[in-house]
Amino acid sequence: MKGVLLAGGTGTRLRPITHTGPKQLVPVANKPVIQYAIEDLKQAEIQEIAVVLGNKGQEDVQQFLGDGSWLGVDITYIVQGEPLGIAHAVGCAKEFVEDDPFVVYLGDNLLRDGVVDLVESFQAGDFTAGIALQSVDDPSRFGVAELDEDGQVRRLVEKPDEFVSDLALVGIYVFSPSIFEIIEGLTPSDRGELEITEAIDVLVDSGEKVDSHVVKGWWKDTGKPEDILEANRLVLESHTGSQNGVIEEDAEVTGSVELHKTAEVRDGAVVRGPVSINRGTVIRAGAYVGPYTSIGPNTVVEGVHVENSVIVGDSTITTDGRIVDSLIGRGAAVTSARDLLPEGRRLVVGENSKLKL
């Protein structure tokens, strides 16, 4: 079995973070989202993986993943170009897949329990496709699946106005190569895209067996800032922490804290886990780094209270007061304006940003 990892989205809901980099490289607990997907596929004994790229962020993704050898996999890159839908992206992998079944994994998804159960369920039966599902509180926001008494897919409905099912499509699929013929016969939807749900419906309508696997652990689509923060919290909760860095005697580090061997907590600073602090980062005088915070590499944090936040890295955070529930992009400088006149907040805010002051 092979893997097809989709990494071509533009990440408009994560702007301004994604103005300068692809959403799949935004870190959760100091690990880019796309790396979790690669590790899930490897855990399912899938080592041949195609990464489908869009027009944006190609070089960044390729520079990070390389040939995949450092992750124990073999990566092939495919350029989709303009994002014309999930089915179009899948269709671009036809030559790579050849005659093998394959897993399609949307590169901005995070699953606590990976894809092993989905793959094994597909392999155990005579299925043409399989889909991952999870129960949600508001099915009208998702594509949902209606199942028969055997757990096979009866139909898919996109964002239903009336209740059909509470089982939402997670964004992870298994297909046999016969899906390519169906994709070639699709026409663009009202959104101008080739819809993977339509391709699956064609399978169902033609009498093919489509398996379903209901995900029991948590699932996060990391498409929005609040989703990144929630995913960061969920991942950190499962970490045991390893304090390999420098902790001065007057500093306080408690709870589950991942402290890189080149990171430092100094000058009476306080860190209370679960927290992840990456290489070369220094937490200095007056700083409090509270639970569910990840701080990327080469960052200085001083004199500020930070909690439930993700700081991507290469930043300086030396303001006073509190920073909570925040996603701070790479290379940011957050400093104090207390001694400046006139009094007031001074902001440089990217396009489509949301602030609460």
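Scanning residues 5 or more positions from residue 8 or on other chains, those with amide H under 5 Å from its amide H are 54, with H placed 1.01 Å from N in the peptide plane.
In terms of other Cβ atoms within 10 Å, 281, 319 run from fewest to most in the order 319, 281.
Model label sites at residue 214 and residue 191, defined 7 Å from Cα along the beta-carbon direction, differ in position by 2.5 nm. Between the C-alpha center of segment 116-191 and that of segment 96-115 there is a gap of 14 Å.
Distance from the alpha carbon centroid of segment 33-52 to that of segment 228-266 works out to 26 angstrom. The modelled label-to-label distance between residue 252 and residue 163, using points 7 Å beyond Cα along the C-beta direction, is 4.9 nm.
Ordered by the number of other Cβ atoms lying within 10 Å of each residue's own Cβ, fewest first, 118, 111 fall into the sequence 111, 118.
With R₀ fixed at 45 Å, the C-beta to C-beta distance from residue 63 to residue 137 puts the FRET efficiency at about 0.70. When trypsin sites (Lys or Arg not before Pro) are flagged only if DSSP places them in a loop and at most 12 other Cβ atoms lie within 10 Å, the longest unflagged stretch of the chain comes out as 1-190. Residue exposure proxy: 78, 86, ordered by other Cβ atoms within 10 angstrom of their Cβ from fewest to most, comes out as 78, 86. For residue 304, the residues whose modelled amide H falls within less than 5 Å of its own, excluding neighbours fewer than 5 places apart on the same chain, are 287, 288.
All of the numbers you see were taken from the coordinates with simple rules; none came from a lab. All values derive from a computational prediction rather than experimental measurement. As a convention, Cβ positions derive from the backbone with ideal geometry for all residues, glycine included, and neighbour counts pool all protein chains shown.
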